[in-house]
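The values are calculated or read from the model by the stated rules, or taken from the named source; none is laboratory data. A quick note: this is a predicted structure, and the numbers were derived from the prediction, not measured. With ideal geometry, Cβ positions are generated from the backbone for all residues, glycine too; neighbour counts draw on all protein chains shown. Areas reflect the complete protein model, heavy atoms only, side chains present, ligands, DNA and RNA absent. Shrake-Rupley method; radii C 1.70, N 1.55, O 1.52, S 1.80 Å.
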Amino acid sequence: MAYLELEHLQVAFAGKTVLHVEKASFNRGKIYGIVGPSGSGKSTLLRVLSLLERPAAGWLNVFGENIHLPSLTHAGGLSLQRRIGYVQQKPTMFDATVFDNVALGLRYRGMAREEIQTRVGEALRLVELEHTATQRAHTLSGGEAQRIALARVLVYQPDLLFLDEPTANLDPYHIAIFERVIQAIHQERQTTVLIVTHNLQQARRLTDHCLFIHKGSIVERGETEAFFAQPQTSELDDFLCGRMIY
Ligand SMILES: Nc1ncnc2c1ncn2[C@@H]1O[C@H](COP(=O)(O)OP(=O)(O)O)[C@@H](O)[C@H]1O
Ligand SMILES: [Mg+2]
């Protein structure tokens, strides 16, 4: 049975539909890549799944609950969001130490000091940045800041991890570290990961399964190897070969 399932989803802005998904399901413990041209609805999909966007129509089946998205209240969403880690494309840091940035979510939850210490240490270890704990967050490099943004959600041990173009502005060295971190999280915690990326090599290296979104629809999906080697639609073929004009 699917772990995460979306049905009859329709998202519109100013009367224009930007995302329409009849059905999409995701299994537990897999890494999914989401690719597609700019403006096709990839970020919107992650925002809906993170319960940050209220669509006009749609059902989300997650953690054994079937949620009618348009009627989900803020309070109703909160308990679910505690199990969802969403890292937006351009993370913002508070002007405080790395430790305090990572600890913030746990402090809001009133967690005991020793537990916070342990959890933050563990999250920093996972992103390979333990040595930055006392550093001011705004002094981090782009690659480090992106991993601290990830540590900020890992600290509460989410079951679902949604990443929006996490390595878009990084150099190859930091991209490699980021990918290693995702693999480590996946191995240690069996977290289900959805990653939006324009880096097709990255999608190939990192994911089990890929989805191609074009003009607000999932046009094709498949096991990663076949997805890249034998695209079934002309749209995906054009996209992969750089022929798609958008
Ligand atoms: N808050 C919003 N208000 C109006 N239009 C939006 C909003 N968010 C996204 N859109 C539009 O929805 C479409 C899909 O956007 P997005 O999901 O960000 O695409 P992608 O992440 O694939 O580049 C785009 O045409 C974008 O302009
Ligand atoms: Mg986007």
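Some notes on this structure:
- Mean separation of Cα contacts under 8 Å, 6 or more apart, over the residue count of the chain: relative contact order %: 26
- Cα gyration tensor, the stretch 126-190 - rounded (a/c under 1.5), prolate or oblate: oblate
- Percent carbon-and-sulfur accessible area, the stretch 43-148, ignoring ligands, DNA and RNA, probe 1.4 Å: 50
- The local environment of Glu7, defined by Cβ-Cβ distances under 12 Å, has a net charge of -1 under the rule Lys, Arg +1 and Asp, Glu -1.
- Using the 1.4 Å probe convention, the accessible area of the stretch 1-152 works out to 49 Å² per residue with neighbouring protein chains retained.
- Relative packing of 95-101, 123-129, which averages over residues the other C-beta atoms within 10 Å, highest first: 123-129, 95-101
- Hz values of 3J(HN,Hα) by residue in the stretch 93-100 - Karplus curve (6.51, -1.76, 1.60), Gly and Pro given as x: 9, 7, 6, 7, 6, 4, 3, 5
- Across the stretch 21-35, rounded Karplus estimates of 3J(HN,Hα) from the backbone phi angles (6.51 cos²θ - 1.76 cosθ + 1.60, θ = phi - 60°) give 10, 5, 7, 8, 10, 9, 8, 5, x, 9, 10, 10, x, 10, 10 Hz, Gly and Pro being marked x.
- Rounded to the nearest 10 Å², the accessible area of Thr167 at probe 1.4 Å: 10
- Length gained on full extension, Ala176 to Lys16, computed as 0.36 nm times the residue gap minus the Cα-Cα distance: 53.8 nm.
- Computed from backbone phi, the HN-Hα couplings of the stretch 235-240 come to 4, 5, 4, 4, 5, 5 Hz, rounded to whole numbers (Karplus: 6.51 cos²θ - 1.76 cosθ + 1.60, θ = phi - 60°; Gly and Pro given as x).
- Normalising the average separation of contacting C-alpha pairs (under 8 angstrom, six or more residues apart) by the number of residues puts the relative contact order of the stretch 80-193 at 39 percent.
- Rolled with a 1.4 Å probe across the full set of protein chains, the surface gives Glu114 an accessible area near 130 Å².
- Additional length obtainable on full extension of the chain from Arg205 to Glu5, 0.36 nm per residue less Cα span: 69.5 nm
- The stretch 181-246-the stretch 1-35 distance, computed between alpha-carbon centres (Å): 14
- Amide H to amide H, with H built 1.01 Å from N, Ile34 comes under 5 Å of Ile195, Val196, Thr197, Leu211, counting only residues 5 or more places away or on other chains.
- Links that overshoot a 22 Å alpha carbon limit, given the list Lys23/Lys90; Lys42/Lys90; Lys16/Lys90; Lys30/Lys215: Lys23/Lys90; Lys16/Lys90; Lys30/Lys215
- Leu154 sits among other residues whose Cβ lies under 11 Å from its own Cβ, and their net charge, with Lys and Arg +1 and Asp and Glu -1, is +3.
- Rg over Rh [alpha-carbon atoms, Kirkwood Rh] for the stretch 37-185: 0.98
- About the Cα centre, charge dipole magnitude for the chain (Lys/Arg +1, Asp/Glu -1 at Cβ), debye: 460
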